[in-house]
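Below: one structure, written as structure tokens.
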Amino acid sequence: MGVVNVTPDSFSDGGRWMDPDAAIAHGLALVAEGADLIDVGGESTRPGAVRVDGEEELRRVLPVVRALAQAGVPVSVDTMRASTARAAVDAGAVLVNDVSGGLADPGLPLVARDTGTAYVVMHWRGHSVGMQQRAIYADVVRDVRDELAGRVEALLAQGLDPERLVVDPGLGFSKTAEHNWALLAHLDVLADLGYPLLVGASRKRFLGALVSGTDQPAPVHERESATVAVTALAASAGVWAVRVHSVRDNRAAVAVAAAIEAAAAAGASGAAASMSSASTGSASVSSASTGSASVSSATTGSARMSGQT
Ligand code: PMM
């Protein structure tokens, strides 16, 4: 999933794609690099960001969603507003990426329900202002899993189609670096919820801190290699998609994970005892990607995670 933020203030690409023509060209360039899906957003969600009003958000995203959809690109709309989601779906978006998981605007999941659009349920505890004060967990992996399970249950009660849900741990949203790493270390626990997983680590602050080795994170443009490493490991863990700002190298990382998975599976059929642990490891990838088939086809027509960036 390639990101196009039509915002002046996103931490990574803020201000670069405010002009609709530039945003559309960028989306097409990401597709040329290998993206299967383009996520278009008009509101920054970085820590401390102030909300943009609905009309302005719509003004930013709609021409971009419409043009990309008309060009045949599977488009996702990154929004917390029902009105924006509705207009974007009417303009051709095939997925609604709600970082609030239905908490910011209870009408938003209903747009997905009523239009049969796929829906991303991200783990979220509140809006960007004050978000990091909510980064308090007894056990972050268990708490995020349980809170996501609660959201999924509520969404199913609202009538959403379980075949069209994707869950996302929401890295960086009310989470410290330590929380993000713990969640990445236990993607299997989140996959056990039974839904395809989306992971958005791209260029985030915790990667900048890792690269610099200090409290002062490395600048955004120096976080790409770490992003690609996360992508390889997340793909190997069986995620459905990664949400990234730059596609080419992340696409290669997904291909590496898929090639190793295929080799492990081939080795397992040769039945050397020493291969059994590798093949067991790959089994979860296969089942996670099998589980994602319906969402993949709902959004991109693509069969499995190895094609998703
Ligand atoms: N992160 C951002 C925005 N939208 N959506 C999902 N599903 N998951 C994420 O982790 C996520 C998101 C913030 O990053 P950006 O400012 O670069 O878009």
Next item on the list: Evaluate the stretch 113-121: report whether one residue or more is modelled with pLDDT of 95 or more, within 16 Å of the ligand (Cβ to nearest atom) and of a type outside the set (A, V, I, L, M).
Entry: yes
Notebook entry, point to check: Is there a residue being in contact (Cβ under 8 Å) with a residue 40 or more places away in the chain and under 17 Å from the mean Cα position of the chain (by Cα) anywhere in the stretch 219-230?
Noted result: yes
Check: Residues of the stretch 68-82 being without any contact (Cβ under 8 Å) to a residue 40 or more places away in the chain and surrounded by fewer than 18 Cβ atoms within 10 Å (Cβ to Cβ), which ones?
Finding: GLN70, GLY72
Notebook entry, point to check: Can you pull out the residues in the stretch 2-47 that are modelled with pLDDT of 95 or more, near the ligand (Cβ under 8 Å from one of its atoms) and over 13 Å from ARG60 (Cβ atoms)?
Noted result: VAL3, ASP39
Notebook entry, point to check: Does THR176 meet the test of being hydroxyl-bearing (Ser, Thr, Tyr), modelled with pLDDT under 95 and either more than 10 Å from the ligand (Cβ to nearest atom) or out of contact with any Asp or Glu (no Cβ under 8 Å at 6 or more places or on another chain) (or both)?
Noted result: no
Notebook entry, point to check: What tally of residues in the stretch 40-67 results from selecting those that are under 21 Å from the mean Cα position of the chain (by Cα), buried (at least 18 other Cβ atoms within 10 Å of the Cβ) and among the small types (Gly, Ala, Ser)?
Noted result: 4
Notebook entry, point to check: Quick one: which of VAL61, VAL73 is within 14 Å of the ligand (Cβ to nearest atom) and in contact with a helix residue (DSSP H, G or I) (Cβ under 9 Å, 6 or more places away or on another chain)?
Noted result: VAL61
Next item on the list: Starting from residues that are in contact with a helix residue (DSSP H, G or I) (Cβ under 7 Å, 6 or more places away or on another chain) and crowded, with 18+ Cβ neighbours inside 10 Å, keep the ones in the stretch 13-27 and report whichever is nearest to HIS127 (Cα to Cα).
Entry: TRP17
Next item on the list: Give LEU165, LEU148, LEU171, LEU155 a once-over and let me know the one that is within 16 Å of the ligand (Cβ to nearest atom) and under 29 Å from ALA218 (Cα atoms).
Entry: LEU171
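The values are calculated or read from the model by the stated rules, or taken from the named source; none is laboratory data. Because the structure is predicted, anything quoted here is derived from the model rather than measured. No Cβ is skipped: glycine too gets one built from the backbone with ideal geometry, and neighbour counts run over all protein chains shown.
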